[in-house]
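The structure appears below as structure tokens.
The values are calculated or read from the model by the stated rules, or taken from the named source; none is laboratory data. All values reported here derive from a predicted model rather than from experimental measurement. Quick reminder, even Gly has a Cβ in these numbers, built from the backbone with ideal geometry, and neighbours come from all protein chains shown. Ligands, DNA and RNA are excluded from the accessible area calculation, which covers all protein heavy atoms including side chains. Shrake-Rupley method; radii C 1.70, N 1.55, O 1.52, S 1.80 Å.
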Amino acid sequence: MTRHLCLNFDRCNYRSVVLAGLGAVGEGILAVGQTHLDGFEKVHLVDKAPCRCQAASRYHYPVRQMDIEDGESLTRFLTSLKAPVLLINACTDIDTVQLRKVISMLPVGYIDICESRTPNNPQGRFTVSMPYTNQSCHGDRPHLICQGSNPGMVEYIARMLIDRMGPDISGYRVNVYENDQLSAPNSDESRFVSWSPESLVDEVMVAPLIEYADGRMVEGPVPVSEIVTTQWQGRPFGAFKVGHEDIWNLGCLEQVSDATFYYGFCADVMNILRTTPQNALATFRVPAGGEPIGGLERIVVSVEDPSGEQQSLLWQVDHSQTRRDYGINAVQYQTAVPVLLSALLMQHTEAGCWAGTYNASTLPLGGGDWDVIRQLIDRLGISWQPVPKGYVCCVDKSSVVFTSQGS
């Protein structure tokens, strides 16, 4: 049976919302999302770190110190709240499958932002972690997994482009480009990155590459990402071709035959990522709130059909402006806002009652449903802009060290 969405802000599928994880993403959700959380009767905050709980008290929501991987404590807490409850899990490096199994018997909907920690997977192989992450273990409420920017938003954007270009066509090629030029003026002792150094190093330097090619997932033989030169508006930028959750999820779409992710940084960060994981972890840090930052964070989703027609959308955010507006960096913002989109989708549309485990590629959307997604994108101020063919492209593989000022 075909199900269609109707956006109705008077409709409230959930009475309580719990935001678990008050680190970079949780902080971003609170910085930009308090107005959008008004549709819930009660908002609760949870983290296992006392310092983050204390910092979050300024938002005047109830805060509980708790480890959400403690199933008994989590169950007691959730059953004490006004039901139904929407649990937003903004934590990384936890076993989300075991967590979802714990809540599956409760009147609890669920959203998370990334892959699950996976048993017996020391290299962080996506070919191991993503089938584990995507397994169905929901109850009567939906579990929306991998709902950040990428993974998450980029898959929705790719699907919207495919719907516009022709949903009945197969053989689409999808390229996702991210170019984070976060810079730190007058800072020589460290190199800034926008999010968890541990997660970044695992993603770029430890986990083997995956790409979707000719309808099958191809995994690199060694845990070293492939370095390429990408061109943005005629300027060269070094990038890594890396494995990513969104590439696995895009491979779930029957219209898609190829998908690749290119991840680039400023020259200093690129050079550090060419050394060793130990050196990178000792060097990288996320800038503190009072430290000046600059540079653009850009994401492009590019879709090409078998005839060569290409359509691309760009989401560009300025680190410095985002810090002035919200007190967070652009990557925090670009991850937090799509989570809020998923929360609004769960609260104010029929999707909040669709029992199932869904990522952004498998959530059953089509036709007029994309109008609802566009309405939510507009409401949240997410600015995806069309860019011409060739705005960004992969030029070639490269063995050079990216030390030039413009790289």
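With contacts taken as Cα pairs under 8 Å and at least 6 residues apart, the stretch 20-115 reaches a relative contact order of 27 percent.
Within the listed set Ile299, Ile272, Ile88, the residue fluctuating most in the Gaussian network model of the chain (springs between alpha-carbon atoms under 10 angstrom) is Ile272. Applying a threshold of 32 Å to the alpha-carbon distances of Lys101/Lys241; Lys48/Lys241; Lys48/Lys82 flags Lys101/Lys241; Lys48/Lys241 as lying beyond it. Computed about its Cα centre, the charge dipole of the stretch 258-306 is approximately 320 debye, with only Lys, Arg, Asp and Glu carrying charge at their Cβ. In the stretch 176-304, the alpha-carbon atoms span a convex hull of 113 Å³ per residue. Which option, [x] 1.15; [y] 0.94; [z] 1.07, is the value of Rg/Rh (Cα atoms, Kirkwood Rh) that was calculated from these coordinates? Recomputing Rg/Rh (Cα atoms, Kirkwood Rh) here picks out [y]. Using only Cα atoms, locate the centre of the stretch 262-294 and the centre of the stretch 328-373, then give the distance between them in Å, rounded to an integer. Result: 30 Å between the Cα centres. Please state, rounded to one decimal and in Å, the Kirkwood hydrodynamic radius that the stretch 278-366 gives when every pair of distinct Cα atoms enters the mean of 1/r. Hydrodynamic radius (Kirkwood, Cα pairs) of the stretch 278-366 is 16.5 Å.
DSSP assigns beta bridges within the chain; of those with both partners inside it, close to 55 percent run antiparallel.
Taken over the Cα atoms of the stretch 49-207, the convex hull encloses 197 Å³ per residue. Phi angles of the stretch 313-323 translate, via the Karplus equation with coefficients 6.51, -1.76, 1.60 and θ = phi - 60°, into HN-Hα couplings of 10, 10, 10, 10, 9, 8, 4, 5, 5, 5, 4 Hz per residue; Gly and Pro are given as x. With q set to 0.32, 0.33 Å⁻¹, the log10 of I(q)/I(0) for the stretch 196-240, from the Debye formula over equal scatterers at the Cα positions, is -1.01, -1.03. For the stretch 277-333, carbon and sulfur atoms together expose 49% of the accessible surface, with a 1.4 angstrom probe and every protein chain in place.
Computed per residue of the chain from DSSP H runs no shorter than four, each worth -39500 (n - 2.57), the mean residue ellipticity at 222 nm is -8000 deg cm²/dmol. Its relative contact order, with pairs defined as Cα atoms under 8 Å and 6+ residues apart, puts the chain at 23 percent. Summing charges over neighbours of Val176, with a neighbour being any other residue whose Cβ is under 10 Å away from its Cβ, gives -3 when K and R count +1 and D and E count -1. The residues of the chain expose, per residue, 40 Å² of accessible area to a 1.4 Å probe. Enclosing the Cα atoms of the stretch 71-142 in their convex hull gives a volume equal to 85 cubic angstrom per residue. Charges were assigned to the Cβ only: +1 to each Lys and Arg, -1 to each Asp and Glu. The resulting dipole of the chain about its Cα centre is roughly 680 debye.
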